[in-house]
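Below: one structure, written as C-alpha cells.
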Amino acid sequence: MKALQINGYGDIQSNLGFKEIEKPVISDNQVLIEVYAAGVNPIDYKIIEGIMKKVRKLTFPALIGFDVSGVVIEKGGSVSHLNVGDEVYSKVPSDSPGTFSEFVAVNADVVSLKPSNIDFVNASGLPLVGLTTIQSFDKANLKSGDKVLIHAGSGGIGTFAIQYAKSKGAYVYTTTSTKNLLWVKALGADRVIDYKTENYLDVVKDIDVVYDTLGGNYTEDAFKVIRKGGKVVSLAGDLDGETSKELGLNGLIRFILKLKRKRITKQARNKTAYYKFILMQPNGNQLNDIKSLVETEKIKPIIDKVFPFSDAIDALVYQKSGRAKGKIVVKMK
C-alpha cells in the first residue's frame, strides 16, 4: 500500500516521502480500515519538526496521521460492534499513527460509525478536535450558564469548541481576526473579539473557563480573566504534575517542568484555580456522542481545504501556515 512516512526530524518538505509498504495485519481486537479521508492537525507537523520527541521519540521511517474516516474491510474475531462494510471514523492512538496511508489498522474500541448525514471528508475532520474539546470541557466541568473563553475561534479546534460549548448552554467569548468576525459569529459565539482592534483582556472578566489553545503568554494571562475558583484547560501550555506522570516522564524532567510552570502554579494558587494540560485519549464512546451531535445538527464540521493524497505534504505545509479556517483534510478516495 502507499503511505506517507517521516524520514527524519526537521523541515516538513525535506523529511516526508511516499513509499510502498506492506498492508497492516490486524489483531483479534482490531479492524482494518480502507482510508477514504484523513484529517490534518498541528500535532502532525510538530512531530515532524521534532517538537514532540521528548514525549515520544520516533524510529525512522515512521508513519504519520491520527484522524481517519473510511470503510471497514476486515475485522478481528473479538470485534462485535463493527462489521465489514461499515462506514467509520476514528482518532488512532498516539503510539500507532498512520492515517496518511491507504489502509490503517485500529483498535476497534476507539472506532465509531461515522455520522450518517456527512461524507468521509467532513467526518475525518472531527475526531481529534472533537475528542480534545469534549475531554477538556469534561475536566473543566463545563455546564449550562458558564462563561468560557475559546482562543482562535476560526481554527480547527475553535470551530468545533464554539459549537460544542453552545450545545452545553455556555456563554462563549472567542478571539479571531477582522476578516473572520462575522463567520465566527455565525458559529454561535456570543462575543467575538477582533484581536487586531481589541485586547481581549479588556473585554473578558470573571469567567468560569478558559480553553487555552495557544500557550505562551496566553496561558499565564488566562488567570487574569477567570473568576476565583475558575478553570484553565490548556492544549499548549506547560505540563502540570499529573500529566507529567501520565506521560511516564522521569523525576528529573518532572522537576524541570515544575520549575518551568512556577509562574502558572503561583497564579493558579492566587485564584484558587484549577489548571490542567489536556492529554487527549482516543475514545469510541465519545465519538458516538459527536456522531449524535452532528446528526442532530448541533455541530457542523467546518472544512477549510481538501488536498488529494498525492499533495499530502502540501497539506501539512498549509496547516503550519496557520491560515486555515476550520479543518484541512487529505482525501484518498
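No lab work stands behind these numbers, since they all come straight from the coordinates. Everything quoted here is computed from the prediction, not taken from an experiment. Positions of Cβ are backbone-derived with ideal geometry, glycine not excepted, and every protein chain shown enters the neighbour counts.
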Whole-Hz couplings from phi, Karplus 6.51/-1.76/1.60, listed for region 87-101; x for Gly and Pro:
8, 10, 8, 6, 10, 6, x, 4, 8, 9, x, x, 7, 8, 8
Rounded to the nearest 10, the angle in degrees between the Cα long axis of helix 312-321 and the longest principal axis of the Cα atoms of the chain comes to 10
Given 25 °C and 0.890 mPa s, compute D for region 40-105 with the Stokes-Einstein relation, Rh being the Kirkwood radius over Cα pairs; round to the nearest whole µm²/s.
184
Under 19 Å from residue 179, Cα to Cα: aspartates and glutamates that are on another chain or at least 8 residues apart:
190, 194, 198, 304
FRET efficiency for residue 83 and residue 139 from the Cβ-Cβ distance with R0 = 35 Å, rounded to 0.05, comes out at 0.55
Please give, to one decimal in nm, the separation of the simple spin-label points placed at residue 95 and residue 323, each 7 Å out from Cα toward the Cβ.
3.9
Using 7 Å Cα-to-Cβ label points, what is the residue 243/residue 183 separation (nm, one decimal)?
2.8
Total charge dipole magnitude, region 129-277, about the Cα centre, Cβ charges on Lys, Arg, Asp, Glu only, Debye to nearest 20:
420
Positive-end residue of 233, 267, 136, charge dipole of region 129-277 with Cβ unit charges:
267
Spherically averaged projected area in nm², based on the convex hull that wraps the Cα atoms of region 138-180:
2.9
To the nearest µm²/s, what D does Stokes-Einstein give for region 57-188 at 10 °C and 1.306 mPa s, using the Kirkwood radius over alpha carbon pairs as Rh?
95
Estimated FRET transfer efficiency when R0 is 30 angstrom, pair residue 57-residue 311 (beta carbons, to 0.05)
0.60
Taking a straight Cα-to-Cα line shorter than 17 Å from residue 298, and setting aside same-chain lysines fewer than 8 residues away, one finds 114, 143, 166, 168, 185
Straight-line reach from residue 266: which lysines have a Cα under 16 Å away, not including same-chain ones fewer than 8 places off?
224, 228, 231, 258, 276
When the Debye formula is applied to the Cα atoms of region 149-249, each taken as the same point scatterer, what base-10 log of I(q)/I(0) results at q = 0.15 Å⁻¹?
-0.59
Calculate the radius of gyration of the Cα atoms of region 247-333 to one decimal place, then report Dmax, the largest Cα-Cα distance, as a whole number, both in Å.
19.6, 53
